[in-house]
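Chemist: First the structure, which I've put down as structure tokens, then a few questions once you've had a look.
The values are calculated or read from the model by the stated rules, or taken from the named source; none is laboratory data. All values reported here derive from a predicted model rather than from experimental measurement. Ideal geometry is used to build each Cβ from the backbone, glycine not excepted, and the neighbour counts take in all protein chains shown.
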Amino acid sequence: MHMSQLKHWRHGLILLLGCWFYANAIWAENQPTKILILGDSLSAAYGMPSDQGWVSLWQASDKNLMIINASIGGETTMGGAARLPALLKQHQPQWLIIELGANDALRGLDLRLSEQKLRYMVQSAKGLGVKVALLGIRLPPNYGTLYSQRLEALYQQLANSEQIPLEPFFLADVALTTQLMQTDGLHPNEKAQPIILDRVKRWFYPLLSPHQKS
């Protein structure tokens with residue numbers, strides 16, 4: 001092969017590789033952002049058809065996102081921590097939203113252990129390059145002010161130390177309105193789900209890059 005031919009061959013190869021990388025970057029940019037939500041009954045559409053829950057409504061309303069709802073009723077931070085590694089491996093999300101802790105508090109579990117499990121989940125995801133956000137919850141007044149304050153402080157301290165975004169009380173717009181809650185006083189009803197979603201969107205969308213927003 002003459003030197004001139006070799007030069008043209010190298011030039012063609014470089015051009016081909018450049019086109020491939022450019023096309024791959026465009027393809028990746030146009031793919032929906034994958035979000036894994038790890039929560040409890042508050043995110044699992046408890047007491048209603050699954051497609052009426054705020055997570056399902058979010059997926060249906062935004063084609064730029066692919067939302068995997070790994071929430072199950074009764075889940076604790078211990079259960080979430082046990083399930084998370086397999087979920088991250090299976091789905092490989094860009095974002096993990098954690099909504100856990102309420103059942104720990106309702107069962108009177110040691111919140112120091114809850115904090116350890118939440119931190120483990122956050123650090124496990126971050127270690128894989130996954131961005132993490134946290135949805136906080138507060139207990140109804142009849143469960144005691146002190147314990148509720150400890151739960152609130154847990155979320156805030158975790159968010160601060162791990163430098164992750166926190167929505168302190170994602171049920172704030174519905175929790176005190178009887179008409180938006182189920183008879184148990186703990187779970188929002190179907191009417192509340194779009195309101196919850198609106199709050200989550202207002203909090204979460206500013207965290208996304210412009211092309212990812214709905």
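Chemist: Can you find a residue in the range 171-181 that is over 17 Å from the mean Cα position of the chain (by Cα) and either over 26 Å from Q52 (Cβ atoms) or not assigned by TED's automatic domain parsing to the domain that holds D62 (or both)?
Modeler: No, the range 171-181 contains no residue that is over 17 Å from the mean Cα position of the chain (by Cα) and either over 26 Å from Q52 (Cβ atoms) or not assigned by TED's automatic domain parsing to the domain that holds D62 (or both).
Chemist: Out of curiosity, is S124 farther than 26 Å from P188 by Cα, assigned by TED's automatic domain parsing to the domain that holds P206 and polar (S, T, N, Q)?
Modeler: yes
Chemist: Return yes when Q94 is in contact with a strand residue (DSSP E or B) (Cβ under 8 Å, 6 or more places away or on another chain) and under 21 Å from L158 (Cα atoms) and no when it is not.
Modeler: In short, yes.
Chemist: Find the residue count for the range 34-53, including only residues that are within 21 Å of L180 (Cα to Cα) and surrounded by fewer than 24 Cβ atoms within 10 Å (Cβ to Cβ).
Modeler: Summing the residues that are within 21 Å of L180 (Cα to Cα) and surrounded by fewer than 24 Cβ atoms within 10 Å (Cβ to Cβ) in the range 34-53 gives 10.
Chemist: If you check every pair at least six apart or on different chains, which have Cβ atoms under 6 Å apart with a residue in the range 29-55 that is at pLDDT below 95 first and a residue that is buried (at least 24 other Cβ atoms within 10 Å of the Cβ) and of a type outside the set (D, E) second?
Modeler: Qualifying pairs under 6 Å: none.
Chemist: State the number of residues belonging to the range 170-197 that are free of Cβ contacts under 8 Å to residues at least 12 places away in the same chain and surrounded by 15 or more Cβ atoms within 10 Å (Cβ to Cβ).
Modeler: Number satisfying all stated conditions: 1.
Chemist: Another question, then. Do we have L88 as hydrophobic (A, V, I, L, M, F, W, C), free of Cβ contacts under 8 Å to residues at least 60 places away in the same chain and in contact with a strand residue (DSSP E or B) (Cβ under 8 Å, 6 or more places away or on another chain) here?
Modeler: Spelling it out, L88 is indeed hydrophobic (A, V, I, L, M, F, W, C), free of Cβ contacts under 8 Å to residues at least 60 places away in the same chain and in contact with a strand residue (DSSP E or B) (Cβ under 8 Å, 6 or more places away or on another chain).
Chemist: Tally time: how many residues in the range 123-169 are over 15 Å from the mean Cα position of the chain (by Cα), part of a helix (DSSP H, G or I) and surrounded by fewer than 15 Cβ atoms within 10 Å (Cβ to Cβ)?
Modeler: Summing the residues that are over 15 Å from the mean Cα position of the chain (by Cα), part of a helix (DSSP H, G or I) and surrounded by fewer than 15 Cβ atoms within 10 Å (Cβ to Cβ) in the range 123-169 gives 12.
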